[in-house]
Amino acid sequence: MSDTAIEATPSAPRPLAVGGLGYAGVGWWGMITVIVTEASLFGYLLFAYLYDAVKVDGEWLTAMPSVRFALPGVLLLLASSLAILWGSRAGAPERLRAGFLAALLCGAAFVALQLLEWHGKAFSIRSDAYGSMFYIITAIHLAHLLAGLLALALVLVWSMLGYFDSRRHDPVIIVAAYWHFVVGAGAAVFIVLYVTPHLW
């Protein structure tokens, strides 16, 4: 044997990964879990509304629901979802900012319409079972929408600061997924609360 020690040559350190894992990342699957959980909540609420509508003795509705504010609101939500799709698919920072800003403005307009509708209602959350279900469902949807608006605003600011590129865009796809869920929930709420009463 040789008296000389064998020197181990250290291997070169590997560079750290840049960017996220996109649809394979923990953030994406965490958001999917949140969406499934919250979709279950909306499913339970809408089922309870429909169940009460069938089972309540006497008059369920105090008046047929008007789509005066609700229809423009749901159309704004659908437009915001299209703006997110348009902005997040391009890879161009200006388009991302424009799409998220348009969605943010549409969402803010929806909030204004929702508040106007609540202000003009002849019933309250305490009036009867219908009033309770109406205000609970629309308030929970509005809370989710406000959380989505906050997330959109954060992504918009981060985009203006140059945080995103073709490799770093996980927050964009995660927030987009949440926003599409909020829009889908809003469409379901519109159909159940405003369309189905006209079908009974």
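Values in this text are rule-based calculations from the coordinates and carry no lab data. Keep in mind that what you see is a predicted model, and the values were worked out from it rather than measured. Backbone-built Cβ (ideal geometry, glycine too); neighbour counts: all protein chains shown.
Contact order for the chain, expressed relative to its length and based on alpha carbon pairs under 8 Å spaced 6+ residues apart, stands at 33 percent. Would you mind checking segment 23-37 for residues with the amide N under 18 Å from a putative spin-label position 7 Å along Cα→C-beta of Ala187? Answer for this model: 35-36. Computed on the Cα trace of segment 60-122, the radius of gyration divided by the Kirkwood hydrodynamic radius gives Rg/Rh = 1.18. Residue separation of Leu150 and Glu59 scaled by 0.36 nm, minus their Cα-Cα distance, works out to 28.8 nm of gained length.
Sorted on the mean count of surrounding Cβ atoms within 10 Å across their residues, most packed first, peptides 75-82, 145-152 read 75-82, 145-152. In this rough spin-label picture, where each label sits 7 Å from Cα along the Cβ direction, the Val34-Leu116 distance is 3.0 nm. Can you figure out the FRET efficiency of Leu75 with Ser11, using R₀ = 41 Å and their beta-carbon distance, to the nearest 0.05? After rounding to 0.05, the efficiency reads 0.10. Per the Kirkwood formula applied to alpha carbons, segment 25-108 shows a radius of gyration over Rh ratio, Rg over Rh, of 1.14. The equivalent ellipsoid that matches the C-alpha gyration tensor of segment 59-175 spans semi-axes of 35, 13, 10 angstrom, in descending order.
Against the chain, whose longest principal axis comes from its Cα atoms, helix 170-190 is set at around 10 degrees. Across all directions, the average flat footprint of the convex hull enclosing the Cα atoms of segment 133-197 is 4.7 nm². Taking only the C-alpha atoms of the chain, Rg followed by Dmax gives 23.7, 100 Å. Tell me the angle of helix 93-120 to the major Cα principal axis of the chain, expressed in degrees between 0 and 90 and rounded to the nearest ten. The angle comes out at about 30 degrees. With a cut-off of 12 Å on the backbone N, no residue of segment 121-160 is near the modelled label site 7 Å out from Leu105 along Cα-Cβ. The long axis of helix 70-89 is offset from the longest Cα principal axis of the chain by roughly 10 degrees. Here the extension length gained between Met160 and Tyr23 equals 47.0 nm, from 0.36 nm per residue of separation less the Cα-Cα distance. The charge dipole of the chain, taken about its Cα centre with unit charges on the Cβ of Lys, Arg, Asp and Glu (plus for the first two, minus for the last two), comes to roughly 440 debye.
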